[in-house]
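Please read through the structure below; I'll follow up with questions.
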Amino acid sequence: MYEIINDFIQIEIVSMFISAALPLFVFILPFALFAVLAERKVSAFMQDRIGPNRVGYHGILQTVADILKLIQKEDIVAEKNDKVLFNIAPYLVFAGSFAAFAAIPFSSKYIGSHTEVGIFYIIAISSLVVAGILMGGWASNNKYSLLGAMRSAAQIISYEIPTALVVLAMIMFTGTMSLDAMSQQQTAYFWNWNILGGHETGILKIVLTPFMISGFLILFTSTLAEVNRVPFDIPEAESELVSGFHTEYTGMKFAMFFLSEYANMFAVGAIVTAVFLGGYQSPFGYIGNSIGVTWLVPIEQFFWFTAKGLFMVFVQMWLRWTLPRLRVDQLMTICWKYLIPYSFLNLIVIGIITLL
Amino acid sequence: MLTEFGKIFVFILLAVAFVGIAIFAAKLIRPHRPTQEKLTTYECGENPEGTPWVQFNIRFYVVALIFLIFDVEVVLLFPWALTYQDYGLYGFLAGIIFLVVLGIGMAYEWQKGDLEWARPKPNIPYLSNLIKKNTDQTSENIIVEQTETNQTT
């Protein structure tokens, strides 16, 4: 996409800014608008309620009204807050979650940066969010915020290890770190997706599949914990910590935390999709290819990527109303005593099978 | 010429600019009427009690330390994962030995109870406890033996 824009404008830096603005304004903001409403509607449906239904037809303008309200809200910075850190924190959190989108391939024609280290970069840059959360929680000068931030940091860094180990196994299997290249390898039909053994053939594929499925589950669980979603939402446990590290934030700064949470939800879906569920590849061939219209293919790929990503987001919402919140010791037990040893095993087995 | 990491930097710049513009735009619209009540720290309606920077559980530090060890080793494994196939079995075993060392460290921490959130109390072997325990056990054994002999007779 950057190349196409560059052909029109000829000024590299301007075309890059436009290319980088595309996922933000064309994707994340509409997605957040849609996802907040969808989350409320899905939860209403699962709890046998009606959900928002006053603003617009069946409440579809509810989030727009919420945003308008948040813009007009007074921005309160309490007397005892550490003002500098308090103001920097939303920037760090949002920058961390948005920068991850630079390496996510939406289609074969759109990826923010063709960097070779793709998934490794995403794991690294998402640590910026931890710094932002700790900063916000500390600067809030509030007991709830501090506890929420500490819990959040402990949780995010713990669950980063199973994520990294599963990703490591997948790098061994695919031989590349770039999410774009990983998606390209899973081409053609859905049995070529990594979750079903990828491009291996014969008996190896059958042996590999259970390990791939468990790898998928570990990756999904641990990335879910990294973005503090239910059932891993003890940092924001509203029944004990009010709302965790962003208790003191109001108005637009709160909106930024909220936006980055929804951006993260899609980022989780996108990473899981690109690594295991075939990325932007269609589960069966492309309509564009069969009727000979090649420009249709990237659009179809974008459709498939978003569809898979949104499905994973829906699963996250579904889990929210299915599972109870974990206790902090259970959380640590699951990570250190179950996920990490199992992902070690997974790594070794996938390594051996790939070597054969 | 923009490098690939230059493009990533553009993404970060854009994110920072977006947050800045959004907060600035809200500043133009929103009211600003601070009162003493609003400016106190939120504590569910009560007046804030004591310092908010309370002591928190030491486990958070332990988790951070274990994470540090693991994360550094995992980062070292990433280049290995990309190239181990070129070196065949030898390359694979080299990585596995590295992983096993990491696993031994993990097993040690598990055994020490550092992975439990509520850490079990250390079992300090006092001499008095030891003697008492041993005498208890021997007396129990004697009783058990006596009952056994009773049953047999």
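Rule-based calculations on the coordinates, nothing more; no lab input. Predicted model only: the values in this text are computed from it and were never measured. Note that we place each Cβ from the backbone using ideal geometry, even for glycine, and neighbour counts take in every protein chain shown.
Please compute the contact order of chain A in relative form: average sequence separation of alpha-carbon pairs under 8 Å and at least six residues apart, divided by the residue count, as a percent.
Relative contact order of chain A: 22 percent.
Kirkwood Rh, Cα Rg: Rg to Rh for the stretch A:41-107?
1.13
Amide H neighbours of A:THR247 under 5 Å, counting only residues 5+ apart in sequence or on other chains, H built in-plane at 1.01 Å?
Hits under the 5 Å cutoff: none.
Could you order peptides A:181-189, B:65-73 by the average number of other Cβ atoms within 10 Å of their residues, highest first?
Descending packing order for the listed peptides: A:181-189, B:65-73.
For the stretch A:76-355, what is the charge dipole size about the Cα centre, in debye to the nearest 20, if Lys and Arg each add +1 at the Cβ and Asp and Glu each add -1 at the Cβ?
So the dipole magnitude of the stretch A:76-355 works out to roughly 180 debye.
Report the semi-axes of the equivalent ellipsoid for the stretch A:76-355 in whole Å, largest first, where each axis is √(5λ) for an eigenvalue λ of the Cα gyration tensor.
One finds semi-axes of 35, 22, 15 Å for the stretch A:76-355.
Over the stretch A:1-82, what relative contact order in percent results from Cα pairs under 8 Å that are six or more residues apart?
The normalised contact order for the stretch A:1-82 reaches 16 percent.
Based only on other Cβ atoms within 10 Å, what is the fewest-to-most ordering of A:CYS335, B:CYS44?
B:CYS44, A:CYS335
With unit charges on the beta carbon (Lys/Arg positive, Asp/Glu negative), name the residue among A:MET177, A:ALA139, A:MET150 whose Cα is farthest towards the positive pole of the charge dipole of the stretch A:139-274.
Farthest towards the positive pole: A:MET177.
List the lysines whose alpha-carbon lies under 25 Å from that of B:LYS112, not counting same-chain residues fewer than 8 positions away?
By straight Cα distance, B:LYS112 reaches A:LYS337, B:LYS121, B:LYS133.
Given the options A:ALA89, A:ALA149, A:ALA20, state which has the largest fluctuation in a GNM of chain A using a 10 Å cut-off (strictly under) for Cα springs.
Taking springs between Cα atoms under 10 Å, the residue moving most is A:ALA20.
Per residue of the stretch A:241-252, what does 6.51 cos²θ - 1.76 cosθ + 1.60 with θ = phi - 60° give for ³J(HN,Hα)? Whole Hz please, x for Gly and Pro, Karplus curve as stated.
Going residue by residue, I get 10, 6, 9, x, 5, 9, 4, 7, 7, 10, x, 5 Hz, with x marking Gly and Pro.
By per-residue mean of other Cβ atoms within 10 Å, what is the highest-first order of A:46-56, A:214-224?
Descending mean neighbour count gives A:214-224, A:46-56.
Right, another one. Once you have the alpha carbon radius of gyration of the protein assembly as shown, what is it after dividing by 2.2 N^0.38 Å, with N set to its residue count?
Relative to the 2.2 N^0.38 Å estimate, the protein assembly as shown comes out at 1.13.
Could you identify which residue out of A:PHE266, A:PHE190, A:PHE106 has the top mean-square fluctuation in a GNM of chain A using Cα springs shorter than 10 Å?
Most flexible of the set in this elastic network: A:PHE190.
For chain A, set up a GNM with springs between Cα atoms under 10 Å and report which of A:ILE271, A:ILE213, A:ILE11 has the largest fluctuation.
A:ILE11
Separate question: I'd like the Karplus ³J(HN,Hα) series for the stretch A:189-203: coefficients 6.51, -1.76, 1.60, θ = phi - 60°, whole numbers in Hz, and an x wherever there's a Gly or Pro.
Result, rounded to whole Hz: 9, 5, 6, 8, 5, 4, 5, 9, x, x, 8, 5, 10, x, 5.
Using a 10 Å cut-off around each Cβ of peptide A:153-165, what is the average number of partner chain Cβ atoms that fall inside?
That average works out to 4.
Next question. Only Lys, Arg, Asp and Glu count, each charged at its Cβ (+1, +1, -1, -1), so figure out the dipole size of the stretch A:147-267 about its Cα centre, rounded to 20 debye.
The calculated dipole for the stretch A:147-267 is roughly 320 debye.
If you place +1 on the Cβ of every Lys and Arg, -1 on the Cβ of every Asp and Glu, and leave all else neutral, what size is the dipole of the protein assembly as shown about its Cα centre, to the nearest 20 Debye?
Value, rounded to 20: 900 debye.
For A:LYS83, give me every one of the lysines with a C-alpha distance below 23 angstrom, ignoring sequence neighbours fewer than eight places off in its own chain.
Partners found: A:LYS73, A:LYS143, A:LYS253, B:LYS27, B:LYS38.
Over the whole of A:78-88, what's the average partner chain Cβ count within 10 Å per residue? Rounded to a whole number, please.
Per residue, the number of nearby Cβ atoms from other chains is 2 on average.
Can you tell me how much longer the chain between A:SER127 and A:SER290 gets when fully stretched, taken as 0.36 nm per residue apart minus their C-alpha distance, in nm with one decimal?
54.4 nm
Taking 7 Å along the Cα-to-C-beta vector as the label spot, tell me the B:SER128-A:LEU217 distance in nanometres, rounded to one decimal.
Result: 5.2 nm between the two label points.
If you don't mind, there's one more thing I want to ask. If you count, for every residue in B:35-44, the Cβ atoms of partner chains within 10 Å of its Cβ, what is the mean?
5
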